[in-house]
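K.L.:
To start, I am sharing the structure in question, which I have written as C-alpha cells.
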Amino acid sequence: MKPGTRTLLAGGAVFAAMSIISVQTPAQQRLAAQQAPSGPEVVREEVVSGPAAAGGAAAGAGGGGAGAAAGAGARKAGAAAGAAPSRFQCAAGQNGGATDKGVSATKIRLASTHVLSGDGSSFLGSSHVGMEAVVSNINSKGGICGRLLDLTLRDDGWQAPLGASFIQNFINDPTGYFALPVVPSSEGLTQAIKSRYIGNGKVPVVGTDGMLKEQYQDPYVWPVATATVSTMRIMAKQAYDSGARQFGIVWDSRYKFGKEGAKAFEQYVKKLPGAHLDANIGIPPGQPSYPDTERFNADCGPAKRCEFVAMLLEPGTAISWINSMGDDSAGRRLGFGSKGTGGAQPLFNAKFARDCGEPCNGMLLWTGYNPPIGEKLNLPGVAKYVNDVKAIDPGADVSNQFLEGAYLGMTVFVEALKRVGPELTRARLKEVMDSLAFQSDLASPLTYGPSRHYANLGAQAFTVRTAAGSFSGFADAGTGFILDPSPGDFPSGG
Amino acid sequence: MSSLVRLLLLSLPNIGAYAIFAIGIVVIFRASKVLNVAHGAMAMVPAYLVTWMNKGGVPIAVAFVLGVLSGGLLGLVVERLFVRPLRQVSVTAQTVGTVAALGLMVALAGKVWGTGTEKAAAVFPDHVLRVGSSSLRTGQLGLFLVMLAVAGGLTALLQLTDIGLAMRGAADNRRAASLMGVDPDVAISGAWVLGGATAAVAGILLAAITNLNPLTLSLQAIPAFVAALIGGLGSLFGAVVGAAIVGGTTGLVPAIASLQQVQGMQQLLLGLVALAVMAMRGERYVATDVRNGL
C-alpha cells in the first residue's frame, strides 16, 4: 500500500468512527419497531382531533384567518389559527403533496440535535424519548393531514461547534427538512442562531427547551421552556421573599447556561434592597477536585454561612462539588444555604437526587413545567405524558424536566402543524406560531406573539426528600408558578 | 494550616491525574516521536472494562490488574494498527492515525456501554479527610500516590534497566540500535504497551473519582498534553513538573484575592505559564539541535 493511501485511510477511519458515534438507543430501536408496521404509506382520512383536524375542514373553509387565532386559554379552540385559506383538504391524497421543503404527500421530514454523550447527557440524554413519544402517538393515528412525521436525530455531545454544524447540514440538506422541533442540545442551537443559519435559512425551530437567551430573541425560534435567566431571578425572588439576604451562587463556567444564568442572578440580587451576593464562583465541569470550595467557603462558609445558595451546574459537576465540601460543626454539609438551596432545571432529575443523597435533603429544584409529582400526577395531561413516555421507554425518568420539556415542545409543534393544516409551508407555520395560545396541563399557558417568544414566564419549586440518608422522592414545595420579576430582560454578558 | 497549603493539598488530585496521563504520553513520545492523541481513549476503555468486571462480581483488585493489562494490550493494538503502518509516511501521519484510534474507541465504547454517564467502580475504600472547610477523599489522594509510584517505577525502568536503554536507543537512532542487537520495532511496541498500561491506571482511578463517560473521560487527557509540553515531552520528571504547574496554577488562583472574581483567570494564567515555559524550552531545543548537527 502506498504511504499516501495509508494516510487517506487513516483520515477516512476518523470520519467513519465519528459517524458511528450517532448511536441508536434502545428506545429508538423500540420506536422503529413500533412504527414499522404502519410504514410511510399508511394514511387515514381523518387523523387528528381538534382544530387541525378540522384542519381539513378548517383549512378548506378558510379557517378564519389570523383573526381567529386562539385566545388565551382557548385550548385547541381556534381553527387553523393564523393560517390563510387553503386549496387542499386535510386528508391523504388531498393535502397538496410537496407544499414546501421537506414536505411530501405522505411525510414531513424533521431534524433535531440532541445529547447522548458528554457532560450534558446526564440531564439531556432522555429528551429524545419525549419527542419520540409524541411522534409515535401522532404516526400511530396516521400522521397530520395524511403525512407521517419523520424525525432525524443527531447526537452533538452538547458541543456548540458540532451542534451548529449538524444544524447547518440539516438546513442545507438537498432532500430537505421542513423544520427543527425541540432541539434539546442548546449549545449548538445557540451557535447556529448566532451564525445566522436559522435566520438565513428561515427554518422554524419550534418547542425548544434549551433555555438560553438567544432562543427567545430569534424570530424563527419558539421555546416552551422558562429561560434560565428567568428561573434564576425567580429563585432569588422566592429566597428573598422567604427572608434570605446573604446569597451565594456556584455555576458552570464552561457552558453558556451557567454563564448567562449567573449573570442574571447577580444582577437581580444586587437590585434587591438589603441583599448581597457574598460568593459567586464559576467552576469547570469534570475536574478531579475543586480547590475552589475553599474560596466559596471563605465568603459563604462556616464562619458566615450564606442564607441562600443557588447551584447552576450540570449533575456530575454538582455531585463532585458537593462531595468536595466539608461539614460544619453541626455535621451539616457546607455549600448549602442556611435558609435554602436552589437547583436549576439541569438538576431536576432522580439520578442527581439519588447520587446526592442526604446533603440534598430539603433542596429546592426549579422547573417551568408541571412534573408528575404529588397531585400534579393526577392532571390528565401529566398522566398522559407519563403513559406516552413509558410506552416508548419504560425505564425513563419521567421526573427529568428536560424530558418533559421535550415532550411539551414536540406537542406544541404538532399542535401548530395541525393548525396550519394541509397546505404546510414554513411561512404559514411561522404565522401560526406567532399567534399561538397553547394551554395544557404540562405548563402554564403559552402565548406567543411576533415579537414575544418568551411564552413561559413562570417556574415552581419541588423539594428533594431523603429517608435514612437516601433519596426518597420529590415533594411539591407549594410555591406554585412564580412569575419572572423582569420578564424579557436578557442581560448582556454571560 | 495556611490557605496556600490547603489549596495545594486540594490540588493534589488534579496534579496526580494530569501527571499520570502526561507520563504515559511522554513514554510513548520518547520511543516513537508520536504525540498519542488517543491517550485519553486508551484510559477510558480499561476504566469501562474494570467497572464492567466489578459489576460482574470480579473483586476490584483483580479487575484493576486485568484493566491495566488490557490497557497495555490496547497500547499494542493501537501501535500495530494505527501507527506502525504509517511510519514510512511521516510522524504527522502517525499522529493522525492516533486521532482515528481515538474516534474509533469512543464510538465503540458508546456502542457497547452507551454514551450516557455512569458511576465507575471505586478502587479505594471511601473515606473523607478534612482539609480546611473542604474534603479530600481517599480515591483522590490514592490517585496522587499511585502517580508517584508509577513515575518512580517507570523512571527506574527506563533509566536503570536494559529494557529502558533499548527503548531510548531505538528512539534516538533506529539504525544504531539495530546494530547493537536491539529490535527497534519491539522496543517501540514495548513503549506503547507501557504507555497503554499507564493510561489504564489513570483512566481507572480518575473514573472512580469522577464519572464514566466515553467522550468526557477521553477528553480528560487534554490538560495533560499541556503538562507534557511544559515538561519538554522527553522527560518523566518534566511531565510531573508540568502537571504540577498545570494543576497548581488552576488550584492556586483562588488564593490570590485580586484574581478571584476575574472570570477565566485560571485558564488564562495556565495559557500564559505554558507559553512562557515553552518559549524558554524552545531556546534549549535550538541549542540541542545545533549540538546534534555538529
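Throughout, read-outs are computed from the coordinates displayed, never taken from laboratory work. A quick note: this is a predicted structure, and the numbers were derived from the prediction, not measured. Methodologically, a virtual Cβ is constructed for each residue, glycine included, from the backbone with ideal geometry; neighbour enumeration extends over all protein chains shown.
K.L.:
Step through the residues of the range A:144-153 one at a time and calculate ³J(HN,Hα) from phi using the Karplus curve (6.51 cos²θ - 1.76 cosθ + 1.60, θ = phi - 60°), rounding each to whole Hz and writing x for Gly and Pro.
P.N.:
With the stated coefficients, the range A:144-153 comes to 10, 6, x, 10, 7, 8, 10, 9, 9, 10 Hz.
K.L.:
Could you state the number of Å between the C-alpha centres of the range A:345-403 and the range A:212-240?
P.N.:
One Cα centre to the other: 20 Å.
K.L.:
Now for a different question. State the three equivalent ellipsoid semi-axes of chain B, derived from the C-alpha gyration tensor as the square roots of 5 times its eigenvalues, in descending order and whole Å.
P.N.:
Taking √(5λ) for each Cα gyration eigenvalue gives 30, 26, 17 Å.
K.L.:
On to the next question. Step through the residues of the range B:211-224 one at a time and calculate ³J(HN,Hα) from phi using the Karplus curve (6.51 cos²θ - 1.76 cosθ + 1.60, θ = phi - 60°), rounding each to whole Hz and writing x for Gly and Pro.
P.N.:
Listing the rounded values in order: 8, 9, 7, x, 6, 4, 5, 5, 7, 5, 7, 4, x, 5 Hz.
K.L.:
Let me ask something else. In whole Å, how far is the Cα centre of the range B:1-36 from that of the range B:185-238?
P.N.:
Measuring centre to centre over Cα atoms gives 9 Å.
K.L.:
Starting from the amide H of B:Leu129, placed 1.01 Å from N in the peptide plane, find each other amide H under 5 Å away whose residue is 5 or more places distant or on another chain.
P.N.:
B:Leu136, B:Arg137, B:Thr138
K.L.:
While we're here: Which residue, B:Thr98, B:Thr51, B:Thr117, has the most motion in a Gaussian network model of chain B that connects Cα atoms within less than 10 Å?
P.N.:
B:Thr117
K.L.:
So what are the range A:355-494's ellipsoid semi-axes, whole angstrom, largest first, if each one is the square root of 5 times an eigenvalue of the alpha-carbon gyration tensor?
P.N.:
31, 20, 12
K.L.:
Can you give the helix-only mean residue ellipticity at 222 nm for chain B, where every DSSP H stretch with n ≥ 4 adds -39500 (n - 2.57) and the sum goes over all residues, rounded to the nearest 500 deg cm²/dmol?
P.N.:
Rounded to the nearest 500, the figure is -25000 deg cm²/dmol.
K.L.:
How large are Rg and Dmax for the protein assembly as shown when only the alpha carbon atoms are used, in Å?
P.N.:
In Å, with Rg to one decimal and Dmax whole: 28.2, 93.
K.L.:
With chain B treated as a Gaussian network of Cα nodes joined by springs under 10 Å, which of B:Ala93, B:Ala17, B:Ala170 yields the largest mean-square fluctuation?
P.N.:
B:Ala93
K.L.:
Near the amide H of A:Thr113, under 5 Å away, which other amide H atoms are found, from residues 5 or more places off or on another chain, if H is placed in the peptide plane?
P.N.:
It is A:Arg154, A:Val183, A:Ser185, by chain and number.
K.L.:
Could you list, in their original order, any pairs among A:Lys263/A:Lys390; A:Lys202/A:Lys384; A:Lys141/A:Lys390; A:Lys237/A:Lys304; A:Lys259/B:Lys119; A:Lys259/A:Lys339 whose Cα atoms are separated by more than 30 Å?
P.N.:
Distance filter (> 30 Å) returns A:Lys263/A:Lys390; A:Lys202/A:Lys384.
K.L.:
Out of A:Ser324, B:Thr161, B:Leu205, whose Cα points farthest toward the positive end of the dipole of the protein assembly as shown (charges: +1 Lys, Arg; -1 Asp, Glu; placed on Cβ)?
P.N.:
The listed residue farthest towards the positive side: B:Thr161.
K.L.:
Test of understanding: in a Gaussian network model of chain B with alpha carbons linked when under 10 Å, which of B:Ser90, B:Ser70, B:Ser133 would top the mean-square fluctuation ranking?
P.N.:
Most flexible of the set in this elastic network: B:Ser133.
K.L.:
Give the order of A:Asp155, A:Asp388, A:Asp476 when sorted by the count of other beta carbons within 10 angstrom, beginning with the fewest.
P.N.:
A:Asp476, A:Asp388, A:Asp155
K.L.:
Restricting to bridges with both residues inside the protein assembly as shown, how much of the DSSP beta-bridge set is antiparallel, in percent to the nearest 5?
P.N.:
45
K.L.:
Have a look at B:Ser90, A:Asn361, A:Ala475 and report the one farthest towards the positive end of the charge dipole of the protein assembly as shown, computed about the Cα centre with Cβ charges (Lys/Arg +1, Asp/Glu -1).
P.N.:
Among B:Ser90, A:Asn361, A:Ala475, the one farthest towards the positive end of the dipole of the protein assembly as shown is B:Ser90.
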